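Asks: Take this structure first; my questions come after.
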Amino acid sequence: MEALKQIPPVNDVLEAAELTEFHELLRQPLASVIVSNVFSEVRKQLSESQNGVSRAELTSKIAAEVANRLREALQLSLRRVINASGVVLHTNLGRAPLPEGAIEHLRKVSTGYSNLEFDTEQGRRGKRDVHVARTLRQLLGCEEAVVVNNNAAAVLLVLNTLGEGGEVIVSRGEQVEIGDSFRIPEIMARSGACLREVGSTNRTRIGDYEKAISENTRLLLRVHPSNFRMIGFTERPSLKEFVELGRRHNIPSYEDLGSGCVADMAAMGITDEPSAIDSIRAGIDLISFSGDKLLGGPQAGIIAGKKLYIAKVRRNPLFRALRVDKLTIAVLEYVLRAYVRGELDEIPAWKMLRAAEAELKARAEAFAQRIGNAAKPVPLKSVVGGGSAPETYVSSWGVALEIPGMAVSEIEERLRRSDPPVLARVEEGHVVLDLRTIFPAEEEELIGVVRDCSGVSD
């Protein structure tokens, strides 16, 4: 076709004024792929079109499209989202938001050099573990602790260290799937340990564990069912019984706590989340839990307990493969120090969870008043999230949006596609914004987003 003959040489496009700002990028693979794709699309369009176009017009058109796609490709993918869902530890939104002070500390120790593995007192090489281990000993009352990159890694590492080649006894009712197909039986197989399941799905007694102990038993495992609850005709040995059994048979006891609560949640009506501190006090040999759930810190897996077993974990070659970097250590140490100081409001997740219902109601009323008829204050129920305290709801307040001529799905989509994206939830036929998970500093920006979506002006 005649139109195809007007397609310019690639070099003419690369030298076009529209691509001047990308001169240094045009020979990179990213640019080559984009240029190739745009040329292919233009050829297809011209072969299907009857309209004539000049070479100069095509050159400018192709260059402009390449420039647009380069700008889009160079944008950062990970960006801030306003969480209006009411899920405090939202797994898909990065779980726990981090304290401002932790980020400032991180900036100080990461933009230059740090004493990550250097003992400034002795003038010799040190260990990166010491920065958080000391604080964990103070907070939990444990003998020793180490940190790996998440709790799944912690479980794998402990099972491989203490259970490889032998049997690990665990209740049938605790063979949970934590998320993304992370299942206790499968991770145990990967660790080199053999699963020995005892009891029934709903009832396991301490005698079931004891009868299963043999010369091949390496570890007693207790798993907290973080993301579900079993009710009704159920039974589970107490932690005290579990610990005493291990001591009688000289077999180490290990508890995977999952969320890892280290503060009292009773004031929020949450009474069934086990405390890492209580487990250590009960004499358990090892515990592990997440850093980015109820602890409110960065993604990490904390292993704490008796020095004898922590030393074995640390000597495992897998430990180096699973260890954390200076960024995680800096933030985690700051968060742990906040607990030691008793400053829970320093930790955003805890501040959100502890926010009073009256305070949230006042914020919701003020928010709705500024929006006008498109919003009304409503009582809501927030959740902890992140697999923590399932089936436990915390009283909250927010606003319900109702925009004339706009379906609920369209309102939700407009919010989600806004800048910044706003993640709301649909409840009882309305899009609702839960104030519990919206930072006060975000409200002005969110009001602007809602007004843009609804066409409301100041």
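Asks: Relative to the Cα centre, what is the charge dipole magnitude of the stretch 318-415, using +1 at the beta carbon of each Lys and Arg, -1 at the beta carbon of each Asp and Glu, and rounding to the nearest 20 debye? Don't jump to the answer; show the numbers that get you there.
Replies: Working: 13 positive and 13 negative charges, 72 e Å.
That gives the stretch 318-415 a dipole magnitude of about 340 debye.
Asks: Any lysines with Cα under 19 Å of the Lys351 Cα? List them, leaving off those in the same chain fewer than 8 positions away.
Replies: List returned: Lys293, Lys361, Lys381.
Asks: Something else now. Could you run the Debye sum over the Cα atoms of the stretch 3-74, one equal point scatterer each and no solvent, and tell me log10 of I(q)/I(0) at q = 0.12, 0.24, 0.27 Å⁻¹, two decimals?
Replies: Reported log10 I(q)/I(0), two decimals: -0.29, -1.06, -1.29.
Asks: Taking R0 as 25 Å, what FRET efficiency do you get between Ser110 and Asp345 from their Cβ-Cβ distance, rounded to the nearest 0.05? Before the final figure, lay out each step's value.
Replies: On the way: r = 25 Å, r/R0 = 1.00.
So the FRET efficiency works out to roughly 0.50.
Asks: For the stretch 137-147, just list the computed ³J(HN,Hα) in residue order, Karplus coefficients 6.51, -1.76 and 1.60, θ = phi - 60°, integers in Hz, with x standing in for Gly and Pro.
Replies: 5, 5, 6, 8, x, 7, 7, 7, 7, 9, 10
Asks: Same structure, new question: Please name which of Phe289, Ile251, Ser40 has its Cα lying farthest along the dipole of the chain towards the positive end, using unit charges on Cβ (Lys, Arg +1; Asp, Glu -1) and the Cα centre as origin.
Replies: Ile251
Asks: Any idea which of Asn151, Leu139, Gly165 is furthest toward the positive side of the dipole for the stretch 126-171, if Lys and Arg beta-carbons carry +1 and Asp and Glu beta-carbons -1?
Replies: Of the candidates, Leu139 comes out farthest on the positive side.
Asks: Determine ³J(HN,Hα), in whole Hz, for all residues of the stretch 109-119 in sequence, where each value follows from phi through the Karplus function 6.51 cos²θ - 1.76 cosθ + 1.60 and θ = phi - 60°; x replaces Gly and Pro.
Replies: 8, 10, 7, x, 9, 9, 8, 3, 10, 9, 8
Asks: If you don't mind, there's one more thing I want to ask. I'd like the trypsin sites (Lys or Arg not before Pro) in the stretch 122-212 restricted to DSSP loop residues with at most 14 other Cβ atoms within 10 Å, sorted by number. It would help to have the intermediate numbers written out before the result.
Replies: Values: sites: Arg124, Arg125, Lys127, Arg128, Arg134, Arg137, Arg172, Arg183, Arg190, Arg196, Arg203, Arg205, Lys211; in loops: Lys127, Arg128, Arg205.
Taking the stretch 122-212 and a limit of 14 other Cβ atoms within 10 Å, the loop trypsin sites (Lys or Arg not before Pro) found are Lys127.
Asks: Follow-up. Among Val130, Tyr334, Val394, which residue has its Cα furthest toward the positive end of the charge dipole of the chain, with +1 on Lys/Arg Cβ and -1 on Asp/Glu Cβ?
Replies: The residue sitting most towards the positive pole is Val130.
Asks: Where nothing but the Cβ of Lys and Arg (+1) and of Asp and Glu (-1) is charged, how large is the charge dipole of the stretch 98-346 around its Cα centre, in debye to the nearest 20? If you can, show how the numbers build up before the last one.
Replies: Numbers: 34 positive and 34 negative charges, 157 e Å.
Using only the charged Cβ atoms, the result is roughly 760 debye.
Asks: Which one, (1) 32.6; (2) 22.0; (3) 30.4, gives mean projected area of the Cα convex hull in nm² as derived from the coordinates shown?
Replies: (3)
Asks: Further question on the same structure: Using modelled amide H (1.01 Å from N, peptide plane; none on Pro or chain starts), what sits under 5 Å from the amide H of Asn202, excluding residues fewer than 5 places away?
Replies: Amide H to amide H, under 5 Å and 5 or more residues apart or across chains, Asn202 pairs with nothing.
Asks: I've got another one for you. Please report, in debye to the nearest 20, how large the charge dipole of the chain is about its Cα centre when each Lys and Arg carries +1 at its beta carbon and each Asp and Glu carries -1 there.
Replies: Values: 58 positive and 63 negative charges, 320 e Å.
Taking the Cα centre of the chain as origin, the dipole is about 1540 debye.
Asks: If you filter the stretch 1-105 for trypsin sites (Lys or Arg not before Pro), then keep DSSP loop positions with at most 14 other Cβ within 10 Å, what is left? Provide the component values of the computation, followed by the final result.
Replies: On the way: sites: Lys5, Arg27, Arg43, Lys44, Arg55, Lys61, Arg69, Arg71, Arg79, Arg80, Arg95; in loops: Arg27, Arg79, Arg80, Arg95.
Taking the stretch 1-105 and a limit of 14 other Cβ atoms within 10 Å, the loop trypsin sites (Lys or Arg not before Pro) found are Arg27, Arg79, Arg80.
Here, each number is a calculation from the coordinates, and none is a lab measurement. All figures in this text were calculated on a predicted structure; none of them were measured in a lab. Virtual Cβ from ideal backbone geometry, glycine too; neighbours counted across all protein chains shown.
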